[in-house]
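Everything on this sheet refers to the single structure shown next.
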Amino acid sequence: VIVYGDYNNDGNVDALDFAGLKKYIMAADHAYVKNLDVNLDNEVNSTDLAILKKYLLGMVSKLPSN
């Protein structure tokens, strides 16, 4: 099961994942990582970070999973 937004793969999406995703996006060279693509648009970018932030603040009730 993929938990989208779970940067550290611990089965939970929390502030540590937000910090990890931010660090990942800021890196100049990174490969696409499917479980970090929160909005499922085949890109990991600031939009995914914004959605994850809204999720952590309770403004989005759930993230995609499969």
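What follows is calculated from the coordinates using simple rules that are stated; it is not laboratory data. Here the structure is a predicted model, which is why all the values come from computation and not from measurement. FYI the Cβ positions are ideal-geometry reconstructions off the backbone, even for glycines, and counts take in every protein chain you see.
If you build a Gaussian network model of the chain, linking Cα atoms that sit under 10 Å apart, which residue out of Lys34, Lys54, Lys22 swings the most?
Of the options given, Lys54 has the highest mean-square fluctuation.
Against the longest alpha carbon principal axis of the chain, how many degrees, from 0 to 90 and to the nearest 10, is the axis of helix 46-56 turned?
The answer is roughly 30 degrees.
Place a label point 7 angstrom from the Cα of Lys62 along the Cα-to-Cβ direction, then list the residues of region 1-17 whose backbone nitrogen is under 17 Å away.
Under cut-off, by backbone N: 1-6, 12-13.
Can you spot the lysines whose alpha carbon is less than 18 Å from Lys23's alpha carbon? Ignore those fewer than 8 places along the same chain.
Partners found: Lys34, Lys53, Lys54.
Relative to the longest principal axis of the chain, what angle (0 to 90°, nearest 10) does the C-alpha long axis of helix 15-26 take?
Between helix and principal axis, roughly 30 degrees.
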